[in-house]
Every structure is written in C-alpha cells, then in structure tokens.
1. Going by the conditions given, is Val131 modelled with pLDDT of 95 or more, farther than 23 Å from Glu229 by Cα, open to solvent by less than 20 Å² (accessible area, probe 1.4 Å) and not assigned by the TED database to the domain that holds Asp62?
2. If I filter region 261-275 for residues that are under 29 Å from Ala52 (Cα atoms) and out of contact with any Phe, Trp or Tyr (no Cβ under 8 Å at 6 or more places or on another chain), do I get at least one hit?
3. Do we have any residue at all in region 73-93 that's at pLDDT below 95, buried (at least 17 other Cβ atoms within 10 Å of the Cβ) and closer than 23 Å to Leu289 by Cβ?
4. Of all residues in region 126-174, count the ones that are free of Cβ contacts under 8 Å to residues at least 60 places away in the same chain and over 22 Å from Pro69 (Cα atoms).
5. Could you identify the single residue in Lys110, Lys106 that is in contact (Cβ under 8 Å) with a residue 24 or more places away in the chain, open to solvent by 30 Å² or more (accessible area, probe 1.4 Å) and in contact with a strand residue (DSSP E or B) (Cβ under 9 Å, 6 or more places away or on another chain)?
6. List the number of the failed condition for Gln137; all other conditions in (1) part of a helix (DSSP H, G or I); (2) open to solvent by 20 Å² or more (accessible area, probe 1.4 Å); (3) among the polar types (S, T, N, Q) hold.
7. Suppose we keep only residues that are out of contact with any Lys or Arg (no Cβ under 9 Å at 6 or more places or on another chain) and hydrophobic (A, V, I, L, M, F, W, C) within region 140-153. Which one would you say is surrounded by the most Cβ atoms within 10 Å (Cβ to Cβ)?
8. Considering only region 247-338, give the helices (runs of 4 or more DSSP H) lying wholly within it that have at least 2 residues that are modelled with pLDDT of 90 or more and open to solvent by less than 30 Å² (accessible area, probe 1.4 Å).
Amino acid sequence: MKRIKKKKQNGGVRVNGSVTREPSCGRKQKLTEIHQALISDPVDIETLRRAAASRGGLLTDDLRRKVWPKLLNINVYDLPYKPGRNVRENHKDYNQVVLDVRRSMKRFPKGMPTAERAVLQEQLIDIILEVLKRNPQLHYYQGYHDVAVTLLLLVGERMALAMLDTLSNYHLRDFMDPTMDSTKHILNYLMPILEQVDLELHDFMIRAEVGTIFALSWLITWYGHVLSEFKHTLRLYDFFLASHPLMPIYLAATIVLHREKEVKQTECDMAMVHHLLSRIPQDLPYEILIGQAQDLFDQYPPSLLAKRAALQSRKSLSISTFQAFQLSTLHQRPDSVLQRLTKAQGSTTSRHASGQTGLEAALPGDRGQLWGKGNRMVKMAVWGLSATLGAAVFAVAQTALDWGPEVLLQLF
C-alpha cells in the first residue's frame, strides 16, 4: 500500500476544487478568521472554504448557517418564497417523495415530539417538490430526501430550499439524470483511486467482484443515510460544500483504505465483502479521513483518473460546471451590506404602504406581508429551530441495498 503523501501548501483555494488545509491553530483564532472572512467586502470565500475543510470544520451550527449560504453563493436576504400547497398538485414524483419522507423518521432527532416532526416532514415534501418543479430537467432519486432533510434541520425551510436548488444544479447534478448512468460514472472513480494507492486491495476487490454498489448510498446522500450521529453528517457537509463535487467518492476511497485489513481478512466472495463494506463503522476517525481524502484528491485529481478508458466515455455535468460555479462565489457582498441594500429597496417599494416597519419593510415585495402573517408561520419556525437545536442522535441507517429494486436494477 502506497503511503498517501501530504503536501505542504500555501493558504488558499485552487479553482480545481482542491482545498488547502492548515494545522489547527486554536478554536478562538479559527472563529476570528471565519468572522473576518464573513465581514470582508467581498466575502473572503477562500478562507471560508479552507475553514470548512480544515480540522473541526465550521465548529458550530450558528456558523454553518452563516457560511453554508456563502459557499453556495446564496443571498440570505433574497430567499425564495415558501412553497405553496399547489406544488403537490399533479406532480409526477409526489407519491414517491411522500413514501420516502414518511419512512425517514430515523433522520430526525430522537425525542422530537411527533407534531414537530410531522410539520418538518410536510416542509420536506414541499421543498423537494418545489425544487423539482422549478427545474424540470432534474429527476428525483431515492436518497435525495436525505440531503434535503440535513439542510432543513440545520437552516430552516426557505434557506434549505435555496441551498437544495443550488446543490441540485451543481454538486448533485449527475445523480438527477433520467437514468443512473451518470451516477455509475461517478462510482467508477472509486476503483482507480484504490488501484493507485493499494494495488493488492484493489485486486482483491476485483477478484471478489464486489463492484461499487456498496458506496451508492454514501455518494448520493452525502453519507447522511448511513451515519447515526448528526454531528458527523454536518462535519462532512462542511467538507463537501467547500470541495469538488467528486470529493465524496474520494472519501469513500479513504474509508475502504482505512478498513484494508478487515477487507483482506474477509473471504474473497462478493456477498461477504459487500456485507462488510456496506456497513460503515460509527467510530471512524472522520478528521483523519477528511485529510486523507483531500490528499488523495491532490495526488490523483479527477483529470488524471479520467484518462482511464472507463471514465472517458461520459461527461459529468457536475465536474464540467464546477469551475464556473466556484468563480461565481468569489464576489459576494457581506450580509451587513446585503441587509442595507435590502432595507433600502424595501423602503423604496413600501414607502406608501401603511403599518409596515422593521423586518417587514426590509423584505422585498410582499415578503414582509408573508412574514407578518404570524401564528402558523411562527409556530413552524419555532418547531424548526427546536429541531435544529435538539439532540441530534440518529440511528444506524440501512445499506445501499435498501434503495429498492427499481434503483438497483438501473445500475446493471
């Protein structure tokens, strides 16, 4: 097994999606750096990406709510409206989405009151259907709801809608084709990475004919479906949001490499090896694996791996659009500036409106009226906040084989 080389790098982020990391220099200093990056004009997006990828990630949920939108170039003062009930009418994916959301109870914090969870599940259904309605070129896949619920629990309905829309058009785009050909293409990067690092392990898995299906649910849910603790899911989302769209498959490679001895000691049989690999241990050293995934990306970037015949036959939309997406995030204004601009716009448009002040006046158009409707909306907001702040201990999820026969059949 080759030793994964650690490169000494200067600070910064390269356009190819490789995020440089730096030694931990203390929580307080990191908090200060993140705060300074957020108030810089333009926002220092490179520092935010570096912070998200480095040890500990973004440290707190409050910081995640501030940084995640910046990583996706989302204006927090220009969020989409909450979906209306008509989003469910005649939607071709409605029944499947409802089915998946209904059986996602384990993704919600233990101890959450049934009424609160029910409200969040209804929001989850609406968010997913709204994104699909806005983007008819996108196709729902089982596991998409696992990404959506992670966002909803952390940032709330409107922000989750904005983030999911952006992720669906960029990072998750290959999973949302009519067929799973593009998903298989991404999975096909796994074995070449293993071949570069540990030829013996690679050859063992080839002889076992295990394939890469064991990593399917890891990839398409950003590991949300297979991790039992929400804090680990959030940590990986920090990393993935700051990185190249293929980073989840590099992390998959580091997990397999981390379990090298277990794999080699298993009987060289497809069922046995698949059974072992499809169940992720819940005590993985995530910070170490994140660092190793970044090192693998630096040493064996997608451009190098794509030269292999198996990876040349299909163009990835997520990869091909990533450079332009990263560049688009580099000129964002800090929230304080966006707030002033929004207030100015709100003052102009509502100057002759009576009884509209404060936050209502600061929101463009009739969003202030939506905010002012109160009661039901406030209850949902409070419930969503309590879900975010509550205990987030999730049960061990199912493996890639749980995705249903209609999904697995498309892989062959």
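The values are calculated or read from the model by the stated rules, or taken from the named source; none is laboratory data. These numbers were taken from a predicted model, which means no experiment stands behind them. Ideal geometry is used to build each Cβ from the backbone, glycine not excepted, and the neighbour counts take in all protein chains shown. Side chains included, ligands, DNA and RNA excluded: accessible areas come from the protein's heavy atoms. Shrake-Rupley method; radii C 1.70, N 1.55, O 1.52, S 1.80 Å.
1. Working: modelled with pLDDT of 95 or more: yes; farther than 23 Å from Glu229 by Cα: yes; open to solvent by less than 20 Å² (accessible area, probe 1.4 Å): yes; not assigned by the TED database to the domain that holds Asp62: yes.
So Val131 fits the description; yes.
2. Step one: filter region 261-275 for residues under 29 Å from Ala52 (Cα atoms), giving none.
For region 261-275, residues under 29 Å from Ala52 (Cα atoms) and out of contact with any Phe, Trp or Tyr (no Cβ under 8 Å at 6 or more places or on another chain): absent.
3. No, there is no match, as no residue in region 73-93 is at pLDDT below 95, buried (at least 17 other Cβ atoms within 10 Å of the Cβ) and closer than 23 Å to Leu289 by Cβ.
4. Final tally of qualifying residues: 4.
5. Details: Lys106 fails: in contact with a strand residue (DSSP E or B) (Cβ under 9 Å, 6 or more places away or on another chain).
The match here is Lys110.
6. For Gln137, the exception is condition (1).
7. If we filter region 140-153 for residues that are out of contact with any Lys or Arg (no Cβ under 9 Å at 6 or more places or on another chain), which is where we start, we get 141-144, 147-148, 151-152.
This time we only want the ones that are hydrophobic (A, V, I, L, M, F, W, C), so: 147-148, 151-152.
Working: Val147: 24, Ala148: 29, Leu151: 22, Leu152: 27.
Ranking the qualifying residues of region 140-153, first place goes to Ala148.
8. Numbers: elements: 247-258, 260-265, 270-277, 286-299, 302-305, 317-328.
Ranges flagged: 247-258, 270-277, 286-299.
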